[in-house]
1. For the range 271-319, give me the residue count where each residue is open to solvent by 10 Å² or more (accessible area, probe 1.4 Å), closer than 29 Å to residue 158 by Cα, among the hydrophobic types (A, V, I, L, M, F, W, C) and modelled with pLDDT of 90 or more.
2. Of all residues in the range 246-270, how many are touching a residue at least 12 places away in the same chain (Cβ under 8 Å), of a type in the set (Ser, Thr, Tyr) and either assigned to a loop (DSSP other than H, G, I, E, B) or over 16 Å from residue 312 (Cβ atoms) (or both)?
3. Would you list the helices (runs of 4 or more DSSP H) that sit entirely within the range 331-403 and hold 3 or more residues that are open to solvent by 10 Å² or more (accessible area, probe 1.4 Å) and without any contact (Cβ under 8 Å) to a residue 40 or more places away in the chain?
4. Can you find a residue in the range 24-36 that is over 20 Å from residue 179 (Cβ atoms) and of a type in the set (A, V, I, L, M)?
5. Using beta carbons and a limit of 9 Å, which pairs, at least six apart or on different chains, have the first residue in the range 93-122 and more than 24 Å from residue 68 (Cβ to Cβ) and the second one acidic (Asp, Glu) and modelled with pLDDT under 95?
Amino acid sequence: MTETTSTDSATRLFRLSIGVFFIGGFLSSTISLFVPRMKLIYGLDFTRSLLVQFAFHTSYLLFAFPIALAIMAMGYMRSAATGLAVMAGSCILFLWAHGLHSYATILLALLALSAGITFLQIASNTVVAVVGSTEGAAFRLNLLQAFNAIGTVVAPLVAAPYVLSGPKAGLPAVEEIAPPFLFAILVLAALALAFFVYRNLLNGSAQADMSGARFDWAALLRNRRLVAGTLAIFAYVGAEVAIGALLVIYLVMPDVFDATPVDAARLVSLYWAGAMVGRLAGAYAMKRVRPANLLALSAIGAALLVGVATFVHGRAGGVALLGVGLCNSIMYPTIYVLALPDDPKLATPGGTLLCMAVVGGAVVPMLTGALADHIGLAASLVVPALCYLFIAAFARTCRGSAV
């Protein structure tokens, strides 16, 4: 593959990835609304309500390794098409399960949906990082994460009236929530078709060649930066998911905003909007500031804001918790790029390890919810605050990185 052809392929890949990151953000943000639905409408406790996020993120631990093997066998483009098709089918299953009023089946559908997303987490994040210039990897991933954030902003505005307005007389439960999922199914099907049509796009690209890729666990575990980055991804996703899932419940508290669930969900779009603006600004700032330094500042800022929400409460606490989105903005792609092994043959195995760490989105929210059931929601936010402090420590160890 010539240099010009390689550049054209990287550009086309980036354009296709815009849709992938957008719909991934849209679905993740929509699913997070089901936590307050279970708590505020169906009256479950925090722990049982957060089973939604537990099921949605457990897949990353259960399926990351076999999915990585499948990606090595199929290649990045076919794997992305497969993941998108699985997600579309899972959305259909989710609607069917909701019509059955079966919480267990709903959780199973969420597990299947996250299995499809796992394909994209490993394939899309890794291929965008390795196809193209090494120096621009953090910039490309942060820019794409901005499109992911657009999806997370749109979702609460569009989906909240369907998910959080409560049962409507004479309307089946599945029809209450169907519109945002029908939109997602159409987008996912179109993207799956597009990736299948361009399945040979990266043929001949040395950067995308996985013929020598291997799971050398000894080499991966010897890479201290990768191991620390894996723990940082665990902490980041756990903190972001915990706050995103519990934010509606926090904002409806009488001593905070005393908002209705729908209005609180719309306010949550400001949380995701902060992430969107921050990712665009972060992509620009990384042309001038070392990513590790920017990551450290963001993590410390997030820890301070969560501290305000924990100990101050009131409107100040609500505003502070909404502001955490701005600090979250550059964390995932920056940690991912800083931690990814330099050896291209270890990129997919390393990306798999990082993807498995997304299980933090299952563990940290459940821990936070269990504490909330015993000591109150505000006090339980100390758990995500500690996660951000760990991320700041990881960033400090990466200050000498050239990425």
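The values are calculated or read from the model by the stated rules, or taken from the named source; none is laboratory data. These numbers come from a predicted model, not from an experiment. Methodologically, a virtual Cβ is constructed for each residue, glycine included, from the backbone with ideal geometry; neighbour enumeration extends over all protein chains shown. Note: accessible area is taken over every heavy atom of the protein model, side chains too, but ligands, DNA and RNA are not part of it. Shrake-Rupley method; radii C 1.70, N 1.55, O 1.52, S 1.80 Å.
1. 3
2. 1
3. Where helices (runs of 4 or more DSSP H) fall fully within the range 331-403 and carry at least 3 residues being open to solvent by 10 Å² or more (accessible area, probe 1.4 Å) and without any contact (Cβ under 8 Å) to a residue 40 or more places away in the chain, they are 360-375.
4. First pass over the range 24-36, keeping only residues over 20 Å from residue 179 (Cβ atoms): none.
Among the residues of the range 24-36, not one is over 20 Å from residue 179 (Cβ atoms) and of a type in the set (A, V, I, L, M), which makes the answer no.
5. Correct list of pairs: 98/176; 99/175.
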